[in-house]
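Enquirer: Below is the structure I would like to discuss, written out as structure tokens.
The values are calculated or read from the model by the stated rules, or taken from the named source; none is laboratory data. Treat the numbers as computed from the prediction; the structure is a model and nothing was measured. No Cβ is skipped: glycine too gets one built from the backbone with ideal geometry, and neighbour counts run over all protein chains shown. When the accessible area is computed, the model is the full protein with side chains, heavy atoms only, and any ligands, DNA or RNA have been set aside. Shrake-Rupley method; radii C 1.70, N 1.55, O 1.52, S 1.80 Å.
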Amino acid sequence: MKRIRLASYDSQKHDTGNKFQLVLSVMDLPEEVFVIILLKLSVRSIISCKCVCKTWLNLISSPQFFKLHMAQARTSLLFRDGDYYVAEPEDGRDLDFKYCWCETKCNRNYCCASCNIRMSSKLKCPMHKTRVMLSNQDDQYSNVSFDKYTRLINSCNGLVCLAESSDDGHGAIYNPTTGEFIILPQTLNNHENVTLFRVSGLGYNTKNNDYKVIRIVQRNDGSVEAEVHKVGTNSWKSVGSVPHSAVRLVFPTYLGGALHWAHDKYMKMATRSIISLDLDNDKFESHPMPPINGKETSVGVFGGCLCICGLHWKENLNYIDVWVMKKNGDWESWTKMFSIKVHDRFPVRGFGYYLPIYSSNGALLLYRITHRVLLYYDQGWTDVKHVHSRDFYGFQVICHTPTLISLRDIVTRENM
Amino acid sequence: MSSSSTTTTTTRLLMLKASDGVTFEVEEAVATKLGAINNMVEEEGSEDLICLPNVNGKFLGMVLEWCKKHANNNTNSDKGNDEVNKWWDKEFVMDLDQNTLYHLLMAADYLSGTELVDLLTEKVASMIRGKKVEEIRETFKIKSDFLPGQEEEIRKKNSWAFE
């Protein structure tokens with residue numbers, strides 16, 4: 001009989017045979033096993049673990065760990081109603097809205113006794129002042145109030161892009177998980193005759209490991225160009241004109257190394273398009289929209305694909321048509337997924353943006369921007385359910401994946 | 001568990017020998033639930049005695065018990081099997097003391113029993129969830145080794161997580 005011994009790797013590490021007499025503790029587990037455990041936890045629990053002992057702190061603070069964490073981080077929601085809240089399920093699994101709706105026929109305006117994400121126990125993420133600001137900015141911004149960044153622009157890899165409501169180019173990048181933020185540099189170069197600075201989105205360039213913010217600059221003479229700011233630097237760089245001279249780039253959606261926006265409302269049907277910026281080469285592209293009924297269209301992500309929601313009016317009812325780009329990057333692959341009936345108490349003919357916020361297993365969460373309410377739709381249903389929360393009125397919400405990435409590291413280019 | 005084999009079966013039997021000399025005779029389909037053993041069977045072929053010097057007999061027995069349950073339930077293609085497995089897994093981890101849990105986890109990791117590692121790490125994760133820092137220390141008998149002020153600093157930076 002042939003004999004083989006299985007002692008193929010690091011026998012010391014797994015030497016439970018000889019340690020049998022010993023009582024093992026969680027600290028005896030090999031690091032890669034303990035990492036598997038950590039990755040099953042919510043960000044909130046991971047941060048608690050950071051405070052337990054030095055070994056755990058060092059492990060969780062290592063760039064290797066936050067890369068692993070980011071690779072499998074789960075999407076959640078970021079609410080803003082003055083403060084910032086992350087709705088993250090405690091067990092670190094996908095959000096489940098199955099029990100989070102009320103029948104639209106419900107008599108009461110707001111009730112959600114069986115709400116599964118328990119927004120009443122929402123996580124509060126106060127904005128912390130940090131020391132990551134560039135040193136030459138320290139004095140300049142030490143008295144800045146962060147309450148003025150009232151617009152949630154978008155979130156990319158767990159970093160949130162915020163802007164002032166007035167289009168003066170002021171904005172900030174914020175990581176609600178670590179509590180860090182940095183202010184976008186004020187414009188210094190050549191800003192005479194500028195009528196509008198509009199912070200339009202945050203994206204990530206995988207090749208150079210850069211986070212980039214895009215803003216639109218419009219001048220007195222009507223010319224429109226875009227500028228890109230690399231997070232961690234102190235300047236903006238012009239990347240030239242914008243297709244259709246679009247000023248209103250709405251619903252920034254980061255997917256596949258590019259930022260995508262809808263460009264629709266004030267344009268003729270012929271130029272209604274999706275504008276994309278490749279974050280590798282800072283080049284714009286314009287693509288026609290699929291043949292959507294109705295005018296008001298929004299952009300988002302559904303099941304990992306770029307998706308468009310368009311509202312149209314038929315037989316005295318509003319319908320949301322959901323189109324999905326089946327193959328990322330293939331602009332011919334637009335497919336209509338479903339058409340959702342919307343029951344509104346006071347329906348307005350073909351009016352209102354319904355933004356696809358979050359999708360999971362074919363179910364879709366929509367945010368009605370004009371009324372600031374959440375709607376939930378699952379495949380096979382004929383209409384949407386309203387998601388209500390006692391605590392939130394007039395909130396903004398975006399899709400957000402909490403990560404442990406440190407703005408300090410981005411600024412100092414450490415651990416990248 | 002070292003069994004006297006009923007040789008009428010057509011399935012191949014493997015001998016596994018633990019660090020303390022205890023041997024287990026198990027069906028190939030059961031033992032190959034463990035990635036490391038599966039690899040060896042594929043590479044080496046033929047009936048072998050496999051020595052596992054890093055796993056004690058007690059824990060190897062438990063690991064194999066788990067494999068057996070899952071191998072058996074997987075052969076029937078009933079839809080209910082998933083439920084049965086889940087229920088059985090729940091029972092399996094329910095009353096494990098921490099020492100056994102970590103011994104099993106290291107054995108499962110060593111033997112590349114991915115599914116079992118997943119089950120056991122989930123058990124440890126469930127012991128952390130929803131707990132305060134002090135409660136985590138208490139659960140796992142960990143002493144804080146931070147310098148004075150160090151812990152407060154980390155808490156301050158991440159205060160949202162402690163509200």
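Enquirer: May I ask you to order A:170-179, A:65-74 by the average number of other C-beta atoms within 10 Å around their residues, highest value first? It would help to have the intermediate numbers written out before the result.
Expert: Working: A:170-179: 24.9, A:65-74: 15.9.
Descending mean neighbour count gives A:170-179, A:65-74.
Enquirer: Going by a 1.4 Å probe on protein heavy atoms, which residues of the range B:114-151 end up with at least 50 Å² less accessible surface in the whole assembly than in their chain alone?
Expert: For the range B:114-151, once contacts with the other chains are taken into account, B:T121, B:I128, B:R129, B:I142, B:D145, B:F146 lose 50 Å² or more.
Enquirer: Using the per-residue mean of other Cβ atoms lying within 10 Å as a proxy for protection, in what order, highest first, do the peptides B:109-117, A:232-240 fall? Please report the intermediate quantities before stating the final value.
Expert: Numbers: B:109-117: 22.0, A:232-240: 15.0.
Going by the mean number of other Cβ atoms within 10 Å, highest first, we get B:109-117, A:232-240.
Enquirer: Additional query: Once the piece of chain linking A:T233 and A:M70 is laid out straight, how much longer is it, given 0.36 nm per residue of separation minus the C-alpha distance between them?
Expert: On the way: separation 163, 0.36 × 163 = 58.68 nm, distance 2.34 nm.
This chain segment gains 56.3 nm when fully extended.
Enquirer: Further, regarding this structure: What ranking do A:313-321, A:49-57, A:276-284 get when scored by the average of other Cβ atoms within 10 Å per residue, highest first? Let's see the in-between values first.
Expert: On the way: A:313-321: 15.6, A:49-57: 19.7, A:276-284: 18.1.
In descending order of packing, they fall as A:49-57, A:276-284, A:313-321.
Enquirer: Can you give the FRET efficiency for A:N208 and A:D81, using 1/(1 + (r/R0)^6), R0 = 51 Å, r = Cβ-Cβ distance, to the nearest 0.05?
Expert: 0.90
Enquirer: I would also like to ask the following. From the phi angles alone, apply the Karplus equation (6.51, -1.76, 1.60; θ = phi - 60°) to the range A:353-360 and give each ³J(HN,Hα) in whole Hz, x where the residue is Gly or Pro.
Expert: 8, 10, 9, x, 8, 7, 9, 8
Enquirer: Bin width 10 Å, alpha-carbon pairs only: give the P(r) of the range A:203-318 as whole percents, running from 0 to the bin holding the largest distance.
Expert: 13, 42, 31, 11, 3, 0
Enquirer: Between the alpha-carbon centers of the range B:104-163 and the range A:299-341, tell me the distance in whole angstrom.
Expert: Each part's Cα centre sits 42 Å from the other's.
Enquirer: OK, next. My understanding is that a pair violates if its Cα-Cα distance is over 21 Å; which of B:K58/B:K141; A:K283/A:K326; B:K90/B:K143; A:K54/B:K143; A:K67/B:K123; A:K314/A:K385 do that in this structure? Write out the running numbers ahead of the final one.
Expert: On the way: B:K58/B:K141 24 Å; A:K283/A:K326 23 Å; B:K90/B:K143 30 Å; A:K54/B:K143 10 Å; A:K67/B:K123 24 Å; A:K314/A:K385 19 Å.
The answer is B:K58/B:K141; A:K283/A:K326; B:K90/B:K143; A:K67/B:K123.
Enquirer: Let me ask something additional. Measuring with a 1.4 Å probe in the full set of protein chains, what accessible area per residue, in whole Å², belongs to the range B:13-142?
Expert: Numbers: 5770 Å² over 130 residues.
For the range B:13-142, the per-residue accessible area is 44 Å².
Enquirer: Only bridges whose two residues both fall in the range B:13-142 count here: according to DSSP, what percent of them are antiparallel, nearest 5? Mind showing how you got there, number by number?
Expert: On the way: 5 of 9 bridges.
Rounded to the nearest five, the antiparallel share is 55 percent.
Enquirer: Right, here's the next one. Can you work out ³J(HN,Hα) from phi for every residue in the range A:165-175, in order, using Karplus 6.51 cos²θ - 1.76 cosθ + 1.60 and θ = phi - 60°, giving whole Hz and x for Gly and Pro?
Expert: Taking θ as phi minus 60°, the curve returns 6, 7, 8, 10, x, 7, x, 8, 10, 9, 10 Hz for the range A:165-175.
Enquirer: I need the fraction of alpha carbon pairs in the range B:13-142 separated by more than 18 Å, rounded to a whole percent. Don't jump to the answer; show the numbers that get you there.
Expert: Values: 4762 of 8385 pairs.
Everything past 18 Å amounts to 57 percent.
Enquirer: Quick one: which residues, 5+ away or cross-chain, put their amide H under 5 Å from the amide H of A:V239? H built at 1.01 Å from N.
Expert: Residues meeting the amide H criterion: A:A226, A:E227, A:V228.
Enquirer: From the protein chains alone at 1.4 Å, what is the descending order of accessible area for A:S42, A:S223, largest first? Working shown, then result.
Expert: Details: A:S42 0, A:S223 50 Å².
If we order A:S42, A:S223 from most to least accessible, we get A:S223, A:S42.
Enquirer: Going by amide H atoms built from the backbone, whose H comes under 5 Å of the H on A:E296, apart from near neighbours?
Expert: A:L311
Enquirer: Just the number, please: buried accessible area between A and B, total of both chains, 1.4 angstrom probe, nearest 100 square angstrom. Working shown, then result.
Expert: Numbers: alone 21110 and 10900 Å², together 26760 Å².
Buried surface at the A/B interface: approximately 5200 Å².
Enquirer: What distance in nm separates the two pseudo spin-label positions at B:K156 and A:E285, each 7 Å out from Cα along the beta-carbon direction?
Expert: 4.9
Enquirer: Along Cα→Cβ, 7 Å out, is where each label goes; now give me the distance between the ones at B:E42 and B:D118 in nm to one decimal.
Expert: A separation of 1.8 nm, rounded to one decimal place.
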